[in-house]
């Protein structure tokens, strides 16, 4: 903390010794970073994951050079994504209404949310925070220009871009809603997220299963593909090669 603050001040043209910064922090009752009381941000997110929601925006440009904005929420504990709205004009009133719609869905599923993590976007107004405060949810804003503070939401944006949006052309708002609805369903139901299904992809669990058959289902026109199969828990059986089908002479009708 001392060296960081001293470096920032030197960059502004102020000559300041580290001992001076240390004296200022000590007088204010602020301990050095490694000795501060309380959990770190990463420890807080891991310890309270089951009760944390994150919200964020991202934009998509259509083939007609129109920019659309997508509002989504993600549950930290289960990594379940809620794409709540797509619009070209994300006003504060529109964002508040989407938040109310989400809370109705969460109450139906009995999701226990206590913390909402968001950035400092001006579209998140005081009315938006009041909607969550009314049900006892504390709103935490991330620091300025610190996307890693909301890393789970940022990671999902990267996933939907790499696996879906960067591989197709979006025509309009209706098309984007349809594509995101299919991708969110694929992400919530088929993606092997470790926090949602512990041990799902562990080698021991895969080796202890005998797979009868697997097949691939097309998602969003075949991209990405959802793999599923029928299996029996227990020791893996040795696959027996199938006998080739008999071939007879070709007959012409």
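Bear in mind that the values in this text are calculations on the coordinates, not laboratory data. Remember, predicted model here, so these are calculated numbers, not experimental data. Because the Cβ atoms are built from the backbone with ideal geometry, glycine has one as well, and the counts that use them run over all protein chains shown.
Pick out the one residue from 100, 109, 66, 114 that is free of Cβ contacts under 8 Å to residues at least 24 places away in the same chain and at negative phi. Before you say what the answer is, go through the steps one by one.
On the way: 100 fails: free of Cβ contacts under 8 Å to residues at least 24 places away in the same chain; 66 fails: free of Cβ contacts under 8 Å to residues at least 24 places away in the same chain; 114 fails: free of Cβ contacts under 8 Å to residues at least 24 places away in the same chain.
Result of the check over 100, 109, 66, 114: 109.
Could you tell me whether residue 176 is in contact (Cβ under 8 Å) with a residue 40 or more places away in the chain and out of contact with any helix residue (DSSP H, G or I) (no Cβ under 6 Å at 6 or more places or on another chain)?
Working: in contact (Cβ under 8 Å) with a residue 40 or more places away in the chain: yes; out of contact with any helix residue (DSSP H, G or I) (no Cβ under 6 Å at 6 or more places or on another chain): yes.
Taking the combined requirement at face value, the residue satisfies it.
Any idea which of 155, 120, 79, 174 is farther than 20 Å from residue 47 by Cβ and out of contact with any strand residue (DSSP E or B) (no Cβ under 8 Å at 6 or more places or on another chain)? Even if it seems obvious, please write down each step before you answer.
Numbers: 155 fails: farther than 20 Å from residue 47 by Cβ; 120 fails: out of contact with any strand residue (DSSP E or B) (no Cβ under 8 Å at 6 or more places or on another chain); 79 fails: farther than 20 Å from residue 47 by Cβ.
Step by step, each of 155, 120, 79, 174 is checked, and only 174 is farther than 20 Å from residue 47 by Cβ and out of contact with any strand residue (DSSP E or B) (no Cβ under 8 Å at 6 or more places or on another chain).
The conditions are (1) more than 19 Å from the chain's Cα centre (by Cα); (2) surrounded by 13 or more Cβ atoms within 10 Å (Cβ to Cβ); (3) without any contact (Cβ under 8 Å) to a residue 40 or more places away in the chain; (4) within 22 Å of residue 52 (Cα to Cα), and residue 123 fails exactly one of them. Which is it?
Every condition holds for residue 123 apart from (3).
Name every residue in segment 123-143 that is more than 14 Å from residue 103 (Cβ to Cβ) and touching a strand residue (DSSP E or B) at 6+ places or on another chain (Cβ under 8 Å), in order of residue number. Even if it seems obvious, please write down each step before you answer.
Of all residues in segment 123-143, those more than 14 Å from residue 103 (Cβ to Cβ) come to 123-126, 138, 140-143.
Once the filter is applied, which keeps residues that are more than 14 Å from residue 103 (Cβ to Cβ) and touching a strand residue (DSSP E or B) at 6+ places or on another chain (Cβ under 8 Å), segment 123-143 yields 123, 124, 138, 140, 141, 142.
With respect to the numbered conditions (1) free of Cβ contacts under 8 Å to residues at least 24 places away in the same chain; (2) within 18 Å of the chain's Cα centre (by Cα); (3) within 26 Å of residue 112 (Cβ to Cβ), which one is the sole condition not fulfilled by residue 158?
Exception for residue 158: condition (3).
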